[in-house]
Amino acid sequence: MDKVSYYFKIFKELWGNKRYRALIIIGCYALFFGFVLISLNTPGENKPVSEITPLKKNTQDLSVSTKLENDDEYKIKYLVNEGTLYEYIYNKDLTLLKIDNTYYKVYYNVLTPYDIKTGLELSGNYPSFVVKFWRFNKEIIGKMIDNAEVINVNGDVTTYSIPSLFIIENINASLPILYDSKVKTTNILFDVKVVNKEVVHVKLDLTDYYHLYSDSTDTYQLDLEFEGK
């Protein structure tokens, strides 16, 4: 009798005994689940844990936000409360804001009259705004996307929510906050429309943010239309 036949005979005898049959079945289950547990705890392709690429929260968002933050030449049209239109021109050497056919050179939160023909700064008064809407440029929007929570996705439009505290720290409105107690509980909603992996439109509801600085019941809606280089 060869070894295969010998072991098969022993197996048949054991299998014929109810007690040993139960032990064999339990042993098979133990081997199966042990194999599953070992597979789950083994890194893919036997790579060390340190080399495993972590999951990204949203690869499309990361790609879009990176483009926004690194774009160094573009134009934005701002529509405030669906009524007043402003044009913003940005490049690495010069940033201008067009208000009522007058150009202003942008220094972070300060606007200085600027002669676009001669390239000279002019003396005179500059307009003042409670919300420095021009601070919502591509770089800031990109950072907002990176730090916001996705609330809803509807086709090519994604709705995000972000704490107003993030806006305050990054926009730096340089105005006194009237209601400090509301800062940590106020969130800002904004919609981002992406076409062919490019952000073409952003709509922000800045009403609650606006009310932190102004004792008003007015709403504050801001629409941004991005133009390419």
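The values are calculated or read from the model by the stated rules, or taken from the named source; none is laboratory data. None of the values given here were measured: they were computed from a predicted structure. Every residue, glycine among them, receives a Cβ derived from its backbone with ideal geometry; neighbour counts consider all protein chains shown. To get the accessible areas, we keep the full protein, side chains included, count just its heavy atoms, and leave off ligands, DNA and RNA. Shrake-Rupley method; radii C 1.70, N 1.55, O 1.52, S 1.80 Å.
For the range 166-203, which positions are part of a loop (DSSP other than H, G, I, E, B) and either at pLDDT 80 or above or crowded, with 17+ Cβ neighbours inside 10 Å (or both)?
Answer for the range 166-203, where residues must be part of a loop (DSSP other than H, G, I, E, B) and either at pLDDT 80 or above or crowded, with 17+ Cβ neighbours inside 10 Å (or both): ALA173, THR186, ASN196, LYS197.
Got a number for residues in the range 57-101 being more than 26 Å from ASP205 (Cβ to Cβ) and either among the acidic types (Asp, Glu) or at pLDDT below 90 (or both)?
9
Only one of these conditions is not met by HIS211: (1) within 18 Å of TYR160 (Cα to Cα); (2) surrounded by 15 or more Cβ atoms within 10 Å (Cβ to Cβ); (3) not β-branched (Val, Ile, Thr). Which number is it?
For HIS211, the exception is condition (1).
Select from the range 70-114 the residues that are polar (S, T, N, Q) and more than 22 Å from LYS143 (Cβ to Cβ) and write down the one among them that is nearest to the chain's Cα centre (by Cα).
So the residue we want is ASN81.
Select the strands (runs of 3 or more DSSP E) contained entirely in the range 63-165, then report the ones holding at least 3 residues which are of a type in the set (Ser, Thr, Tyr) and open to solvent by 40 Å² or more (accessible area, probe 1.4 Å).
The qualifying strands (runs of 3 or more DSSP E) are 102-107.
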